Protein chains: 2
Amino acid sequence: MVKSETLRLNRIFQALSDATRRAILRDLAKREKTVGQIAQPYRMSLAAVSKHLKILEAASLIHKEKRGSFYHLRLNPTAFTSVEQWLGFYQQFWETRLDALKNYLEQE
Amino acid sequence: MVKSETLRLNRIFQALSDATRRAILRDLAKREKTVGQIAQPYRMSLAAVSKHLKILEAASLIHKEKRGSFYHLRLNPTAFTSVEQWLGFYQQFWETRLDALKNYLEQE
DNA sequence: CTATCATTCAACCATATGGTTAAATCAGAA
DNA sequence: TTCTGATTTAACCATATGGTTGAATGATAG
């Protein structure tokens with residue numbers, strides 16, 4: 001594994017380890033939003049949400065663009081491919097496991 | 001999202017956010033190992049590795065079993081399905097994105 | 001210009017994290 | 001029983017994390 005990819009995965013998984021940040025991603029999957037719109041459902045301060053967005057952006061999971069006096073946030077779907085690739089390596093293991101289970105059950 | 005699944009994902013992603021722990025998972029993918037065998041490639045203390053293993057176990061990414069005076073660790077491949085499922089939701093987005101890119105490139 | 005609105009930045013705080021070393025546990029060998 | 005080896009636990013430390021509040025920035029509306 002290349003070092004830069006390691007750091008990239010560190011940042012991505014760390015970003016995803018917080019439930020608020022995962023909820024924000026879900027929210028942005030629907031449509032692009034401003035910081036204020038994103039913050040609205042949460043009880044925490046705007047500054048706290050702003051920090052979460054910065055972490056998501058550093059992990060390249062979202063893209064932030066300033067238009068006028070508003071920042072617009074949107075999902076960066078390609079970033080998810082890093083996780084997809086990382087996970088891909090392990091799929092062979094749980095797939096063979098599930099296949100074994102399936103075979104076992106079908107024997108009955 | 002159910003709360004318990006949220007906590008489960010918190011633990012899993014947090015566990016995966018550390019490069020040492022991801023390396024341990026890779027290592028265990030090959031075959032089952034003891035704590036000492038796992039620790040051998042790393043410069044850190046055995047106690048530090050022991051902590052990493054506890055975190056991976058709490059995230060249910062590995063299974064730990066004591067046989068005699070050795071603890072044997074192995075991958076728990078089914079735990080990866082949680083990540084798989086979480087990621088699945090976003091695949092529609094980056095897939096349509098990649099399809100769009102593919103179409104664009106094929107136009108040339 | 002000036003006031004306002006959206007957002008960030010800075011300073012701060014409590015708790016979590018990832019490491020250390022030293023002591024405790026616990027199974028197997030002598 | 002006693003010694004040894006494998007591993008965990010405990011206490012500790014420095015830094016990171018996730019939150020707060022209040023001041024700063026920067027674009028828009030009067």
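Heavy atoms of chains A and B lose about 3000 Å² of accessible surface on contact, summed over both sides with a 1.4 Å probe.
Based on C-alpha pairs under 8 angstrom that are at least 6 apart in sequence, chain A has a relative contact order of 25 percent. Of A:ARG11, A:ARG43, the order by accessible heavy-atom surface (1.4 Å probe, DNA, RNA and ligands excluded), from most exposed downward, is A:ARG43, A:ARG11.
Annotated for the range A:3-77: lysine pairs at least 8 residues apart or interchain, Cα distance under 20 Å, count 11. A probe of 1.4 angstrom, applied to the heavy atoms of all protein chains, finds A:LYS51 with accessible area near 150 square angstrom.
Sorted from closest to farthest, the other copies place their A:THR78 label points 3.8 nm away, with each point set 7 Å from Cα along Cα→Cβ.
Once the partner protein chains are put back, the range B:47-95 shows a loss of at least 40 square angstrom of accessible area, versus the chain by itself, at B:PRO77, B:PHE80, B:GLU84, B:TRP86, B:LEU87, B:PHE89, B:TYR90, B:PHE93, B:TRP94 (probe 1.4 Å, ligands and nucleic acids excluded). Given label points at 7 Å from Cα along Cα→Cβ, what nm distances, shortest first, separate B:SER50 from the same residue in every other copy? Copy-to-copy label distances at B:SER50, shortest first: 4.5 nm. For the protein assembly as shown, the fraction of 1.4 Å probe accessible surface lying on carbon and sulfur atoms is 52 percent. Diffusion of the range A:3-77 by Stokes-Einstein, at 4 °C in a medium of 1.567 mPa s and with Rh set to the Kirkwood radius over alpha-carbon pairs, works out to 103 µm²/s. Each peptide in A:55-62, B:31-38 receives the mean, over its residues, of other Cβ atoms within 10 Å, and ordering these scores from highest gives A:55-62, B:31-38.
For B:GLU65 and B:PHE93, the FRET efficiency from 1/(1 + (r/R0)^6), where r spans their Cβ atoms and R0 equals 35 Å, is about 0.30.
The values are calculated or read from the model by the stated rules, or taken from the named source; none is laboratory data. If you're wondering where the values come from, they're calculated on a predicted model, not measured in any experiment. With ideal geometry, Cβ positions are generated from the backbone for all residues, glycine too; neighbour counts draw on all protein chains shown. Only protein heavy atoms, including side chains, enter the accessible area calculation; ligands, DNA and RNA are left aside. Shrake-Rupley method; radii C 1.70, N 1.55, O 1.52, S 1.80 Å.
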